[in-house]
1. On the given criteria, is Val210 over 22 Å from the mean Cα position of the chain (by Cα) and more than 17 Å from Val122 (Cβ to Cβ)?
2. Which is over 27 Å from Asn165 (Cβ atoms) and of a type in the set (Asp, Glu), of Asp287, Asp268?
3. Filter region 79-90 for residues that are out of contact with any helix residue (DSSP H, G or I) (no Cβ under 7 Å at 6 or more places or on another chain) and outside any loop (DSSP other than H, G, I, E, B); which is farthest from Ile138 (Cα to Cα)?
4. Within region 373-403, restricting attention to residues that are of a type in the set (Gly, Ala, Ser) and part of a loop (DSSP other than H, G, I, E, B), which residue is nearest to Lys272 (Cα to Cα)?
5. Considering region 1-48 alone, what residues qualify as being assigned to a loop (DSSP other than H, G, I, E, B) and of a type in the set (Phe, Trp, Tyr)?
6. Looking at region 58-92 only, could you name the residues that are within 25 Å of Val210 (Cβ to Cβ) and either of a type in the set (Gly, Ala, Ser) or in contact with a strand residue (DSSP E or B) (Cβ under 6 Å, 6 or more places away or on another chain) (or both)?
7. Output the residues belonging to region 194-211 that are touching a Gly at 6+ places or on another chain (Cβ under 7 Å) and closer than 16 Å to Ala33 by Cα.
8. Looking only at region 211-218, decide whether some residue is modelled with pLDDT of 95 or more, touching a Cys at 6+ places or on another chain (Cβ under 7 Å) and either of a type in the set (S, T, N, Q) or surrounded by 14 or more Cβ atoms within 10 Å (Cβ to Cβ) (or both).
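The values are calculated or read from the model by the stated rules, or taken from the named source; none is laboratory data. For clarity, every value in this text was computed on a predicted model and none was experimentally measured. With ideal geometry, Cβ positions are generated from the backbone for all residues, glycine too; neighbour counts draw on all protein chains shown.
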Amino acid sequence: MNKKVYEQLKETLYSETLDNGLRVFLLPKPEMAKTFGIFSTDYGSIDNHFVPIGENDFTQVPDGIAHFLEHKLFEKEDRDVFQDFTKRGASANAFTSFTKTAYLFSSTSEIKENVKTLLDFVQDPYFSEQSVEKEKGIIGQEIRMYDDQPDWRSFFGTIGSLYQNHPVQIDIAGTVESIDKITKDDLYTCYNTFYHPSNMTLFVAGNFDVEEMMALVKENQAGKQFPEMSTIERSFPEEPNHVAKKKHVIEMPVSISKCMVGLKESMDHRDKEEFLRKDLLSDMILDHFFSKSGEFYQKLYEQDLIDTSFQSETHLEKNFGFSILGGNTSEPDRLADEITAMLLKLKDNPLSEQDFERMKRKKIGEFLRALNSLEFISNQFIHYNLLGIDLFDILPTIEALTTEQANQFIENWIDEDRIAVCQVLPSNE
């Protein structure tokens, strides 16, 4: 078992890659009453074109199948797994993102039993034709519910404006039509390809004994049989740097318009260090100018173009990335023009040393406060680990950032050809 001490953060991380390829990370925090465990696979909604294990040719599976599979793993032939966690005083959940699927629990008692339950239910799939057909109705209702939410529609509408070919533009849950095509055999194909231990990570943080926990995980995995695993081949379409369309309008029965401005990332980072700097700087710069204390936010608010719903977010992954800004507005066209002009203006107004040092201090403070949350640590550790980045290296990376790097980043980051607008407008009905 490997041990790594982060003196600056006063954290100690234990890790080991087991014989079957499963990567195990343990972060003991004896001062915590709670323990949080997350079992994640490097498989998300964008992974719909791949070579199934044991085959030679690429296959295309229906959109939304990763999310469908997440739902189905909780249902066994004789029970619902949520009940197993509840009996042991644990709260369980799961989520599917563009790039990963994760199963998790939190509990203050029976930690080892809950970790075993987490491993066992994810590694014991049961799919029947009858249960698959039943799930289609449940997820279909979920999709229709999200289709009625203007925030969700504007989010994916913006991504659809940015991306022409990449599957990130497809709703994580798929469509009613796409999930109707899912079969039991499709689920087993995806499960056998992406849920092998060598494509998965277990992270446990909280109040437990490290030696006992690692022994439990090793014993649990040694008692299971897994086939030999080869490298998973995935395929993604060519994606141009420019946006798919500059403006997209969605009409819905809403009382107030919503306007979102999207910025498509250029995928020119060469290594994980540059990737992390890009990830941090995009978030820091948007926060500096467009958070409630930011210069641009105040201007938009004073012009009565936005309300407290205005927000910004940034997403950066291995082969796609985007930032989105916006919210409710009574003048969607004017807001789109103002935000676009503000983004382009960033290139003409370099950050000062004083401003950037203030940005760094704020980011460091937010990161250190977030480390008090087991949920934050666990989810962010899994996220960065899939990218080959150590979560606990973020602090020294922030500290090492320079004003020159930030201004150079802005110069390459903002490009009018990579900016698109999505608006949700009141329908005439």
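1. Yes; evaluated as a whole, the condition is true for this residue.
2. Numbers: Asp268 fails: over 27 Å from Asn165 (Cβ atoms).
From the options Asp287, Asp268, the qualifying one is Asp287.
3. Pass one, region 79-90, residues out of contact with any helix residue (DSSP H, G or I) (no Cβ under 7 Å at 6 or more places or on another chain): 79-80, 82-83, 86-87, 89.
Pick out the ones that are also outside any loop (DSSP other than H, G, I, E, B) and you get 80, 82-83, 86-87.
Working: Asp80: 15, Phe82: 17, Gln83: 19, Thr86: 22, Lys87: 25 Å.
Checked region 79-90; the qualifying residue farthest from Ile138 (Cα to Cα) is Lys87.
4. Here is the first cut: in region 373-403, the residues of a type in the set (Gly, Ala, Ser) are 373, 378, 388, 400.
Retained after the next criterion (residues that are part of a loop (DSSP other than H, G, I, E, B)): 373, 388.
On the way: Ser373: 25, Gly388: 7 Å.
Only one residue tops the list, namely Gly388.
5. Initially, region 1-48 is screened for residues assigned to a loop (DSSP other than H, G, I, E, B), giving 1, 7-10, 18-22, 29-34, 42-48.
Matches in region 1-48: Tyr43 only.
6. Initially, region 58-92 is screened for residues within 25 Å of Val210 (Cβ to Cβ), giving 84-85, 88-92.
Selection gives Phe85, Gly89, Ala90, Ser91, Ala92.
7. Val204
8. The initial filter retains those residues of region 211-218 that are modelled with pLDDT of 95 or more, namely 211-218.
Imposing the further condition that a residue be touching a Cys at 6+ places or on another chain (Cβ under 7 Å) reduces the set to none.
Within region 211-218, none of the residues are modelled with pLDDT of 95 or more, touching a Cys at 6+ places or on another chain (Cβ under 7 Å) and either of a type in the set (S, T, N, Q) or surrounded by 14 or more Cβ atoms within 10 Å (Cβ to Cβ) (or both).
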